[in-house]
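No lab work stands behind these numbers, since they all come straight from the coordinates. In this text, all values refer to a predicted model and were calculated from it rather than measured experimentally. All Cβ positions, glycine included, derive from the backbone under ideal geometry; neighbour counts span all protein chains shown.
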């Protein structure tokens with residue numbers, strides 16, 4: 001049952017979490033105070049580059065009956081759409097550039113090149129997802145209502161179709177997001193799901209209509225004889241953008257190590273615990289500058305979730321400080337190559353298509369979700385000098401500070417120890433089983449021998465009896 | 001494509017073409033609107049302007065823009081900025097109105113309002129008879145942007161503009177007897193009125209009493225003298241507070257004996273305007289007085305104040321710790337809201353007057369800024385566009 005008490009899970013005391021929160025506040029303030037001309041130039045340069053790429057792509061597609069022009073045009077358009085979607089649309093709508101006071105580059109006025117309306121997306125994403133990150137039944141981004149992404153959710157027969165649903169979601173990602181956001185907008189306004197035609201639906205249809213007409217009617221028509229190849233190019237660019245956005249987003253919260261939470265945890269959450277939840281619920285992937293740009297800097301998903309409205313070009317710099325904090329508080333910092341992170345998510349999608357009886361681990365101790373109960377079955381070394389503050393730590397004989405090295409011992413050490421302990425427990429159980437098996441076999445052999453001896457004796461006896469008849 | 005009557009009409013076609021730019025545009029209509037609208041269908045969700053202004057910053061009617069084409073020194077601490085507006089600017093404003101101007105300083109746009117000092121549809125022979133506008137700015141000691149504009153703004157800089165507005169205007173035709181009472185930079189809107197009358201050649205009986213510290217501090221001093229000499233019906237009466245102290249309203253009976261018969265326009269420091277209002281009310285002629293109060297450019301040290309929700313038409317008194325979102329909700333205003341912790345950006349509204357403070361870092365925000373109501377509180381009186 002996902003994390004219900006983040007303090008216990010993190011192996012931190014209340015005071016620890018509060019100081020951690022203050023340190024994160026300081027990081028935010030330092031960035032805010034240093035924002036200036038260079039940052040403003042960065043976003044304007046990205047906007048200019050994106051518009052030039054898009055115009056170049058569209059222009060190249062006029063010659064799309066030539067195979068090379070088709071490839072070049074499709075490539076340019078795909079890159080333009082990806083940057084527009086990730087580094088511009090996503091980040092500007094988060095208010096990351098609101099500090100510039102520029103009415104054109106502002107969360108209240110930016111509209112992106114996707115089928116969903118920015119205003120609806122902001123509700124579902126900025127509000128629901130970023131406030132209730134990874135809380136079961138509150139964050140609808142957990143599987144987007146289609147996939148079962150944690151074994152905290154009950155298995156339903158429809159989940160068997162998950163491998164297929166995953167492919168459809170990836171290919172039509174912008175439509176998935178648009179419909180998801182429309183649903184969120186409707187539920188926010190209290191409009192019943194079955195009421196098909198409403199104001200939010202109209203907004204959705206208007207926006208989606210414009211997008212479809214642009215990419216699939218007007219541009220192909222404009223290129224005249226090349227209309228067919230232009231149509232294919234536009235469809236391909238949208239598909240490539242969808243697959244990429246899907247992959248990046250799935251690497252953000254679904255690789256192993258990105259934790260899930262319960263409403264109990266959320267109910268009385270402090271600001272420090274909110275930070276901690278964002279940190280433990282998110283996962284990064286390793287990226288160079290180009291890859292970071294193409295992912296809208298969501299390769300720094302942890303930093304983004306801690307500070308969703310800090311300009312994305314600063315996440316790299318922030319990540320150094322966040323990592324330092326993770327070391328200081330002995331907290332895990334979940335990251336890996338994009339391939340590895342996606343494969344972990346992919347594994348979860350396919351594993352959880354199966355009913356629970358096929359799954360070995362429980363929701364307290366699974367790769368995609370765990371809880372503070374994970375540590376309960378593990379015998380931890382007894383520690384003499386315990387800091388005051390956490391009953392849970394005391395109960396579990398967990399010292400906040402290592403008496404030998406003087407370093408803080410937190411969740412990261414606990415996870416490692418739990419891993420070792422669980423492995424040992426498994427080995428021990430295996431050994432016990434082996435012994436039991438051996439002794440059973442031994443017993444069986446003895447019985448067999450006994451039976452054989454008995455049978456031999458009976459045979460001899462019957463022979464004697466026959467002879468004496 | 002068809003008009004409402006069902007038939008095909010040129011007007012219907014034009015409206016259909018202009019529809020995409022009509023939605024997003026904040027600027028006035030331009031002749032190119034039909035073309036921009038047609039192009040917007042292929043540039044959606046952006047407007048063609050978003051691409052065009054990358055080529056020339058003035059080629060956008062989505063946001064009014066302008067380029068500073070001249071900076072003229074008026075006095076030691078004031079300048080006139082001559083601006084060439086881009087697409088969509090309406091030159092048919094009324095003399096006395098002000099414009100909003102946004103200036104980029106260290107990556108941030110700063111918005112202020114300044115009175116236009118030029119007559120409507122003004123062309124300047126120095127600039128190839130292009131239609132221009134001008135404003136005059138006096139540096140205030142604690143005014144961040146006014147100091148920047150007076151000391152640092154470069155010719156060629158691109159600024160953003162907000163359409164001319166304000167009710168402190170000279171009617172057309174002007175009344176037969178006029179009194180202008182100004183002090184300091186309060187002369188700027190009156191300058192537009194004087195220049196308009198001069199250009200139209202219709203100068204009725206006008207008396208202008210202007211206060212400044214010394215003769216050197218008079219903005220447009222030479223021009224006032226020239227107008228005085230050129231038009232016998234115009235009297236410029238300068239009062240130097242450095243020598244004679246503050247202009248006392250009791251002196252009016254002596255200096256402008258018929259002030260009660262005149263339509264009066266007054267602009268200057270708040271204290272002076274308060275006194276004038278009282279004086280006119282006491283004389284029983286408050287209707288003959290027009291007053292312009294400039295926003296005071298100051299670092300707001302106020303805590304709390306009266307928050308006005310402009311569109312809802314409500315206001316209430318709050319302390320410096322109550323968020324604007326809470327204030328609005330307790331006043332029964334339909335506030336947009338979301339996470340209530342400053343992350344979701346769904347509660348953002350525009351401040352139209354006064355100052356507010358970001359509770360997280362103490363940063364001060366002012367008119368023209370968009371703020372998150374859930375983490376902002378009033379810093380003095382303020383008005384929100386909600």
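Counting alpha carbon pairs within less than 8 Å and at least 6 residues apart, what relative contact order, in whole percent, applies to chain A? List each step's numbers first, then the result.
Details: 625 pairs, mean separation 107.2, N = 469.
Result for chain A is 23 percent.
Given an 8 Å cut-off on Cα distances and at least 6 residues of separation, report the relative contact order of the range A:168-278 as a percent. Intermediate results must be reported in sequence, preceding the final value.
Numbers: 47 pairs, mean separation 31.3, N = 111.
It comes to 28 percent, rounded to a whole number.
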For the range A:141-180, take every pair of Cα atoms, bin their distances at 10 Å starting from 0, and report each bin as a whole percent. 29, 56, 15
Who wins for biggest fluctuation among B:339, B:374, B:118 in a Gaussian network model of chain B, springs between alpha carbons below 10 Å? B:339
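For chain A, build the convex hull from the C-alpha positions and give me its volume per residue in Å³.
Cα-based convex hull of chain A, divided per residue, equals 243 Å³.
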What residue among B:202, B:150, B:159 has the largest mean-square fluctuation in a Gaussian network model of chain B, using Cα springs under 10 Å? B:202
Globularity ratio of the range B:66-152, using Cα Rg and 2.2 N^0.38 Å: 1.07
For q = 0.20 Å⁻¹, what log10 I(q)/I(0) does the range A:20-156 give under the Debye formula with an equal point scatterer on each alpha carbon and no solvent? -1.16
Based solely on C-alpha atoms, express the radius of gyration and the Dmax of the range B:238-386 in angstrom. 20.2, 63
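Enter the mean projected area of the convex hull around the alpha-carbon atoms of the range A:254-402, in nm², rounded to one decimal. Kindly include the intermediate steps, with their values, before the conclusion.
Numbers: hull surface 44.0 nm².
If I average the Cα hull's projected area over directions, I get 11.0 nm².
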So for chain B: antiparallel DSSP bridges make up what percent, rounded to the nearest 5? 65 percent
Quick check: the angle from helix A:199-213's long axis to the longest principal axis of chain A, C-alpha only, nearest 10 degrees? 70 degrees
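When a footprinting reagent is the concern and you count Cβ atoms within 10 Å, what order do A:215, A:402 take, fewest first?
Details: A:215 23, A:402 13.
Listing A:215, A:402 from fewest to most nearby Cβ atoms yields A:402, A:215.
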Max mean-square fluctuation residue, GNM over chain B, Cα-Cα springs under 10 Å, options B:363, B:151, B:33: B:363
How big is the convex hull of the Cα atoms of the range B:200-294, per residue, in Å³? 120 Å³
The range B:21-104: Cα Rg divided by the 2.2 N^0.38 Å rule of thumb: 1.29
Where the Cα atoms of chain B are projected onto their three principal axes, how long is each span, largest first, in whole Å? 65, 53, 46
Where Rh denotes the Kirkwood radius from the mean inverse Cα pair distance, what is Rg over Rh for the range A:390-448? 1.35
What the 5 Å binned alpha carbon P(r) of the range B:316-386 shows, as percent of pairs per bin from 0, is 4, 20, 33, 30, 13, 1
Log entry: pair-distance distribution for the range A:111-255, C-alpha pairs binned every 5 Å from zero, whole % per bin is 2, 9, 16, 19, 19, 16, 10, 5, 3, 1, 0
Normalised per residue, the volume of the convex hull around the Cα set of the range B:167-220 (Å³): 81 Å³
Taking Cα pairs under 8 Å and at least six residues apart, what relative contact order does chain B come out at, in percent? 11 percent
How far, in degrees from 0 to 90, does helix B:10-24 lean away from the longest principal axis of the Cα atoms of chain B, to the nearest 10? 80 degrees
To the nearest 10 degrees, the tilt of helix B:33-43 (Cα long axis) against the first principal axis of the alpha carbons of chain B is 40 degrees
Rg and Dmax of the range B:104-157, Cα atoms, in Å? 13.2, 37
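Please grab the % of Cα pairs in the protein assembly as shown that end up more than 37 Å from each other. Display every interim value, and only then the final one.
On the way: 208789 of 365085 pairs.
When all Cα pairs of the protein assembly as shown are counted, 57 percent exceed 37 Å.
Just to be sure I understand: of the beta bridges DSSP finds with both ends in the protein assembly as shown, what percent are antiparallel, rounded to 5?
Values: 54 of 83 bridges.
Of those bridges, close to 65 percent are antiparallel.
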